[in-house]
1. Return the residues of the stretch C:24-38 that are over 12 Å from the mean Cα position of the chain (by Cα) and either among the basic types (Lys, Arg) or closer than 20 Å to residue E:3 by Cβ (or both); say none if nothing qualifies.
2. For the list (1) within 7 Å of another protein chain (Cβ to nearest Cβ); (2) surrounded by 24 or more Cβ atoms within 10 Å (Cβ to Cβ), I need the number of the one condition that residue E:12 fails.
3. Conditions: (1) more than 10 Å from the chain's Cα centre (by Cα); (2) in contact (Cβ under 8 Å) with a residue 12 or more places away in the chain; (3) within 27 Å of residue A:44 (Cβ to Cβ). Residue D:70 meets all but one. Number of the miss?
4. Filter the stretch D:55-92 for residues that are open to solvent by 20 Å² or more (accessible area, probe 1.4 Å) and more than 7 Å from chain E (Cβ to nearest Cβ); which is farthest from residue D:31 (Cα to Cα)?
5. Any residue that is closer than 14 Å to residue C:75 by Cβ, in contact with a helix residue (DSSP H, G or I) (Cβ under 9 Å, 6 or more places away or on another chain) and basic (Lys, Arg) - is there at least one of those in the stretch E:65-85?
6. For the stretch A:47-64, give me each residue that is farther than 19 Å from residue D:41 by Cβ and in contact with a helix residue (DSSP H, G or I) (Cβ under 8 Å, 6 or more places away or on another chain).
7. For the stretch D:62-96, which positions are in contact with a strand residue (DSSP E or B) (Cβ under 7 Å, 6 or more places away or on another chain), among the small types (Gly, Ala, Ser) and not in a helix (DSSP H, G or I)?
8. Against the definition (in contact with a Gly (Cβ under 6 Å, 6 or more places away or on another chain) and under 30 Å from residue B:35 (Cα atoms)), how does residue A:91 come out, yes or no?
Amino acid sequence: MYLGRIIGTVVATRKDERLTGTKLMVTQPLNLEKAPVGEALVAVDTVGAGIGEIVIFTKGTAARYAADKLQSPIDAAIIGIVDNIDIYRDFINDKS
Amino acid sequence: MYLGRIIGTVVATRKDERLTGTKLMVTQPLNLEKAPVGEALVAVDTVGAGIGEIVIFTKGTAARYAADKLQSPIDAAIIGIVDNIDIYRDFINDKS
Amino acid sequence: MYLGRIIGTVVATRKDERLTGTKLMVTQPLNLEKAPVGEALVAVDTVGAGIGEIVIFTKGTAARYAADKLQSPIDAAIIGIVDNIDIYRDFINDKS
Amino acid sequence: MYLGRIIGTVVATRKDERLTGTKLMVTQPLNLEKAPVGEALVAVDTVGAGIGEIVIFTKGTAARYAADKLQSPIDAAIIGIVDNIDIYRDFINDKS
Amino acid sequence: MYLGRIIGTVVATRKDERLTGTKLMVTQPLNLEKAPVGEALVAVDTVGAGIGEIVIFTKGTAARYAADKLQSPIDAAIIGIVDNIDIYRDFINDKS
């Protein structure tokens, strides 16, 4: 799974009918400093996350399980709202 | 899912027979400024999208569900035509 | 799916028996200018493509469907020979 | 599979219920010099790994098998604790 | 599939039990000049490949088929030992 921040929404009137009723959230992947890294993607919200929140998202078949829509075109889903990230920075550059 | 713009089409007379009747669209991934980012790919249209339109596309097994051709060589599909993208820019560089 | 050019072949006498009889083609991904982009990969030919031809290839489970060998180690396959790519260049840098 | 180091944990109270009871570990991919490379991800621990340890992790459907939760939103899992990595450096730049 | 060179091994005593008996090979992806490109990964050997050999490896579900362990955490496997790579270099920069 990956860390991201919800930064927007997408409206698409003409879409696969299996997306009807889903919330399509623009999700920006984050690095450990919570800074944007890489390109934003569109993930289906499954946990009631809101704009600005830091979330955990998943990709591929895992996203269809998250949305309980296995036979759908979903390939990314938000599966958790992050309360806290504890990083032990001493280990990041440890070469042992 | 990902944001892209349809910028062309591909014609292939000799191809997997399960692609017959599909529209193969050259799709350019976009960043949040709607500028090209990364390399274009070839996606099957499932929503009647046209050249120049901004779309949502999906990859992998999700694309075969989108095309309702689970047992096919499709690994990318256009699944929505974007009406609007709302980005809350204040949050993009938020480090809280 | 992705655009590529067949630039070579791989010979491997000792290999997974499910690859026996397949043609292993070195395939170079291409950008919209038909220039090499990223690293070449090894794809199974399913359409009778030849050296130098521009092709469409697919990855992952889709490649096993293409090869009609679902239970095999194949993760990339050539699924079409490109006759023509029509790009509407005015749209590539459109920001609307 | 990939080499990484566990550098932290993520707490998410509101999450997909199938993640309840899992340990969500912030995992930093490593190169052959055990230096950080690429962005950290969040992997479910399945082997009792601790902060600072070098591990093997897997992605995609393989991660759901690792966690014995095939129908879950998991797409990354820690599957081994590394005792030793033997690299034969003479071969790295061998062009034969 | 991808071209790589086996450059080492990984020992992990504590690991997913479905990896017991497998050989975990550190595999360095190669470009067409047989030079290292991108980061090394850990692949299960299924063909008796040795240190220093150039191999074909596969990723994702294909790797579990290669290892004949579909319900396992394996996501990368070595599936062939390369005897020869024939590259037709005139085609690499062909723009026709």
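The values are calculated or read from the model by the stated rules, or taken from the named source; none is laboratory data. Keep in mind the model is a prediction, meaning the values are calculated, not measured. Backbone-built Cβ (ideal geometry, glycine too); neighbour counts: all protein chains shown. All accessible areas refer to the heavy atoms of the entire protein, side chains included, with ligands and DNA or RNA removed. Shrake-Rupley method; radii C 1.70, N 1.55, O 1.52, S 1.80 Å.
1. Matches in the stretch C:24-38: C:34, C:36, C:37, C:38.
2. (2)
3. Against the list (1) more than 10 Å from the chain's Cα centre (by Cα); (2) in contact (Cβ under 8 Å) with a residue 12 or more places away in the chain; (3) within 27 Å of residue A:44 (Cβ to Cβ), residue D:70 comes up short only on (2).
4. D:71
5. No, every residue in the stretch E:65-85 fails to be closer than 14 Å to residue C:75 by Cβ, in contact with a helix residue (DSSP H, G or I) (Cβ under 9 Å, 6 or more places away or on another chain) and basic (Lys, Arg).
6. A:51, A:52, A:64
7. Residues satisfying the conditions are D:67, D:76, D:77, D:80.
8. So residue A:91 does not fit the description; no.
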